[in-house]
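Below: one structure, written as C-alpha cells.
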Amino acid sequence: MSFENLIRDVYLKIKNTEDPGEMASYIPELSKVDPTNFGVHISTINQINFGTGNCYDKFSIQSIAKVLALVLAYRLVGAEIWKRVGVEPSGTAFNSLVQLEADKGIPRNPFLNAGAIVVSDILVSNLKNPKEDFIDFVRSISKNPALEYSNIIAQSEKNVGYRNVALCNFIKSYGQIENDPSDVLDFYYDLCSLEMSCKELSELFLFLANNGRDIKTNRSVLSESQSKRINALMQTCGFYDESGEFAFKVGLPGKSGVGGGIIAIHPDQYAIAVWSPKLNKKGNSLKGMKFLEEFTTRSELSIF
Ligand code: GLN
C-alpha cells in the first residue's frame with residue numbers, strides 16, 4: 001500500500017478512537033488549543049509529500065525545538081558539547097530535578113529540560129544575537145522565511161516557569177551555566193515557543209533521514225556522523241521516560257513536545273510529523289503515538 005493510502009487509513013482509524021489524554025495545562029496558553037486537532041504529514045527522500053487532517057495548521061512545537069538547538073550547538077562547538085551534557089536516557093520526567101545533584105549539574109541528555117537549558121547556554125555564549133540568529137538558522141535550513149516564535153506562548157511559559165528557573169539555577173550552582181540564568185531561560189522559552197505545521201516539520205527534519213544533507217541542495221546541515229548521533233539520541237532519549245516504549249511500539253528515532261507534536265525519522269526513507277494536543281501521562285501525544293505505532297507496524301518498514 002502507498003504511504004498516502006496507509007496514512008489516510010490509519011488516520012481515519014485513530015481519529016475515531018477515544019482520547020483519554022489531557023492538554024498540557026501547566027503552560028496556560030497551550031490549554032486554549034482545540035483538543036480535536038489532528039494532523040499528519042510525511043516527507044520522503046524520494047520527494048513524496050503528503051498530509052491529512054490539520055497538517056497545515058501551526059502549533060507550538062515545544063520540546064521538538066530542542067533537536068534544532070542541539071543541531072546548531074553541535075555545528076558551532078562540535079564534540080565539545082558532550083562535556084556539558086550526557087548521552088544517556090534518563091528514565092525520569094522531562095522536567096525532573098532528581099538526577100542533577102548526583103550528576104553535578106551535567107544533565108543526562110540534551111532533550112531533558114535541564115539538557116536543553118545547557119544547550120541554550122551554549123548558544124547564548126556562541127551567538128551574537130541568540131534569538132535572531134537561531135530563528136535565522138531554522139529558516140535557512142528549512143528555506144522557510146515564514147517560521148516564527150510565538151511571543152504569547154513564550155510569555156505564558158515564562159510567567160509560570162518555576163521548575164525551569166529551579167533547574168537553571170541548580171545547574172549554575174555547579175558552575176555549568178556560563179551566562180545569566182534569566183538570559184538563558186528567555187532564550188529557552190523562545191526556543192520552545194517556535195510554531196510550525198506538520199508539513200513544515202516533516203520538511204524541515206528530512207535532512208536527518210538523508211545523512212545530514214538537505215534533500216534539494218545536497219548541502220550538509222550536519223556531517224553524516226553527527227546526523228547519526230542526533231538520530232541515536234532521539235531514539236534513546238526523545239520521549240523521556242517513555243523512550244523505551246516508543247522504540248518498542250514505533251521503532252523510529254523521534255522527538256515529542258508538550259504541544260502534542262511528534263517528529264519521527266526513518267533514516268534513508270522519510271520524516272513524519274503528527275500533531276494531536278492531548279497528552280498521555282508521560283507528556284507525549286496520545287494519538288500521535290498510536291498513529292505512529294499503527295503506521296510503522298502496517299508499513300512493515302523498520303530500522304531494526
Ligand atoms: N517548554 C516546555 C517546558 O519547559 C517543554 C517541555 C516539553 O515539550 N516536553 O516545560
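State which residue pairs qualify: first residue at positive phi and inside segment 92-121, second residue surrounded by 24 or more Cβ atoms within 10 Å (Cβ to Cβ) in any location, beta carbons under 9 Å apart, and separation of 6 or more residues or different chains.
Hits for this filter: G105/A114; G105/V118; G105/I171; G105/I177.
Quick check on this structure: which one of N126, N144, N151 is within 16 Å of the ligand (Cβ to nearest atom) and in contact with a helix residue (DSSP H, G or I) (Cβ under 9 Å, 6 or more places away or on another chain)?
Selected residue: N151, the only one of N126, N144, N151 that is within 16 Å of the ligand (Cβ to nearest atom) and in contact with a helix residue (DSSP H, G or I) (Cβ under 9 Å, 6 or more places away or on another chain).
Looking at segment 256-276 only, could you name the residues that are touching a strand residue (DSSP E or B) at 6+ places or on another chain (Cβ under 7 Å) and not small (G, A, S)?
Scanning segment 256-276 gives V258, I262, I263, I265, Q269, Y270, I272, V274, W275.
Take the residues in segment 214-224 that are assigned to a loop (DSSP other than H, G, I, E, B) and of a type outside the set (A, V, I, L, M, F, W, C), then tell me which one is most open to solvent (accessible area, probe 1.4 Å).
Filtering first and then ranking leaves R219.
Restricting attention to segment 225-279, report how many residues are of a type in the set (K, R) and open to solvent by less than 30 Å² (accessible area, probe 1.4 Å).
1
For residues that are surrounded by fewer than 22 Cβ atoms within 10 Å (Cβ to Cβ) and of a type outside the set (K, R), tally how many sit in segment 85-129.
22
Do the conditions hold for I135, that is, is it within 27 Å of S31 (Cα to Cα), more than 16 Å from the ligand (Cβ to nearest atom), part of a helix (DSSP H, G or I) and within 22 Å of the chain's Cα centre (by Cα)?
Answer is yes for this residue.
Tell me, which residue of segment 181-202 that is farther than 20 Å from P253 by Cβ and outside any helix (DSSP H, G or I) is nearest to the ligand (Cβ to nearest atom)?
S193
Of everything in segment 90-114, what is under 20 Å from the mean Cα position of the chain (by Cα) and either more than 16 Å from the ligand (Cβ to nearest atom) or at pLDDT 95 or above (or both)? Give them in sequence order.
Correct list: P107, R108, N109, P110, F111, L112, N113, A114.
Modelled with pLDDT of 95 or more and at negative phi, is that true of G86?
yes
The values are calculated or read from the model by the stated rules, or taken from the named source; none is laboratory data. Note that the structure is a prediction, hence the values are computed from the model and not measured. Every residue, glycine as well, gets a Cβ built from its backbone with ideal geometry; the counts of neighbours run over all protein chains shown. Note: accessible area is taken over every heavy atom of the protein model, side chains too, but ligands, DNA and RNA are not part of it. Shrake-Rupley method; radii C 1.70, N 1.55, O 1.52, S 1.80 Å.
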